[in-house]
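Values quoted throughout were computed directly from the atomic coordinates according to the rules given, and no laboratory measurement underlies them. This one's a predicted model, so the numbers in the text were calculated from it and none came from an experiment. Cβ: placed from backbone, ideal geometry, glycine included. Neighbour counts: every protein chain shown.
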Amino acid sequence: MKTIDDLGDLRGKRVLVRSDFNVPLDGTTITDDGRIRAALPTLKRLVEAGAKVIVTAHLGRPKGTVDPAFSLAPVAERLGELLGAPVTLAPDTIGDGAKAAAGELGDGQVLLLENIRFDARETSKDDAERDGLARELAGLADVFVSDGFGVVHRKQASVYDVAKVLPSAVGSLVQTEVEALRRATVEPERPYVVVLGGSKVSDKLGVIANLLTKADRLLIGGGMVFTFLAAQGYRVGNSLLEEDQIDTVKGYLATAADRGVQIVLPTDIVVAPEFKANSPATVVAADDMPADQIGLDIGPKAGDQFRAAILDAKTVVWNGPMGVFEFDAFAGGTKAVAQALVDATSRGAFTIVGGGDSAAAVRTLGFDEDGFSHISTGGGASLEFLEGKTLPGIDVLN
């Protein structure tokens, strides 16, 4: 892939940057600015090079219409604070306001275009529609830098099509993400351990199938674990269960046994009568869950079990929380896994937190991000990389 170094002298050049600013909001307040901070190295480099920086990004799913609830105004304000210089927000996505603001941009200044998903062509399945938007974006710039890893698995106008129109390169964020994930998937240092959580097995079918050919050990937690427990014949009470995936999971267990891949399931579970923060929590054996209870976290013995399975690894990838970490009573398993990764890192292991809810959990639970080798900004993109899929936004740059 070409990098910013390959674009030559950028002073006075108009550089269109695709960033991922899809941050969580409480009203107009950003509750986690991790993705904005992750974009800073590329943006600062372009500013210092004297480029005229035009950033395009999305927020939420406005479904191709202008919706003030998904305005990038809070992002522009926070980005300006982090850069230490004002960031202008264009009044529209690619209309007269955006074009006028781009024309007034000085060297080393930053313009943020309004939410690109306000334009339905961004996510259109029609190649011609996407191409039309891409060419309008390209009309604002001289070169394109792809730096939104969280969207490179999407064939969208501002990610894929614009790279076919302008001279293009990856930014440092995407470059770092790809290098880290390749290190974890192409001849990883062994033992290679993958920790999978989250709610549904069906969300990770391709990942599990691919990892059964690569990993030495799979640790399963989160809501998806109950389908694995059911596949072993255990009752799981009122816990999340995908009955239509039980046979698939039985196949995974058989394949793992044939290949010598260890699948580690929790020995105990934290249960409660209801899915509520104040619902009384108790710990039960994984093979003896009461019929009227819901499993909401892996138990303390499982936390120790998972920790031991992580600490002797040389490469660890973690994707998905172990429980409902947003509720204090059900955050213990996720904390245990996060701490185990930190300790493994300090022992020389290469560790990746695979974006999405896992990255949010690390920050919510107060862990220092420097305690991990890499925290991904792209949950869906990371998963598809782990599946071995081609990512359109990367492939087009090659």
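Yes or no: THR282 polar (S, T, N, Q) and without any contact (Cβ under 8 Å) to a residue 40 or more places away in the chain? Considered against the rule, which asks whether it is polar (S, T, N, Q) and without any contact (Cβ under 8 Å) to a residue 40 or more places away in the chain, THR282 comes out as yes.
In the range 56-70 there is no residue that is more than 22 Å from ALA98 (Cβ to Cβ) and not hydrophobic (A, V, I, L, M, F, W, C). Residue check: ALA90 meets all listed conditions (1) aliphatic (A, V, I, L, M); (2) in contact with a Gly (Cβ under 9 Å, 6 or more places away or on another chain); (3) within 27 Å of ARG130 (Cα to Cα); (4) in contact (Cβ under 8 Å) with a residue 40 or more places away in the chain but one, namely (4).
Identify, please: which residue in the range 349-372 is closer than 29 Å to TYR160 by Cβ and among the small types (Gly, Ala, Ser) and is, among those, surrounded by the most Cβ atoms within 10 Å (Cβ to Cβ)? Checked the range 349-372; the qualifying residue surrounded by the most Cβ atoms within 10 Å (Cβ to Cβ) is SER358.
The set of residues from the range 217-262 being touching a residue at least 60 places away in the same chain (Cβ under 8 Å) and either surrounded by fewer than 17 Cβ atoms within 10 Å (Cβ to Cβ) or among the β-branched types (Val, Ile, Thr) (or both) comprises just one member, VAL225.
Among the residues of the range 8-34, those that are closer than 22 Å to VAL162 by Cα and in contact with a Ser or Thr (Cβ under 8 Å, 6 or more places away or on another chain) comprise LEU16, VAL17, ARG18, SER19, ASP20. For the range 113-172, the candidate set comprises residues that are within 23 Å of the chain's Cα centre (by Cα) and among the acidic types (Asp, Glu); within that set, the residue that is farthest from LYS389 (Cα to Cα) is GLU114. Looking across GLY348, GLY356, one residue alone is more than 15 Å from the chain's Cα centre (by Cα) and at positive phi. It is GLY348. Scanning the range 133-173 for residues that are of a type in the set (D, E, K, R), surrounded by fewer than 24 Cβ atoms within 10 Å (Cβ to Cβ) and outside any helix (DSSP H, G or I) gives ASP142, ARG154, LYS155.
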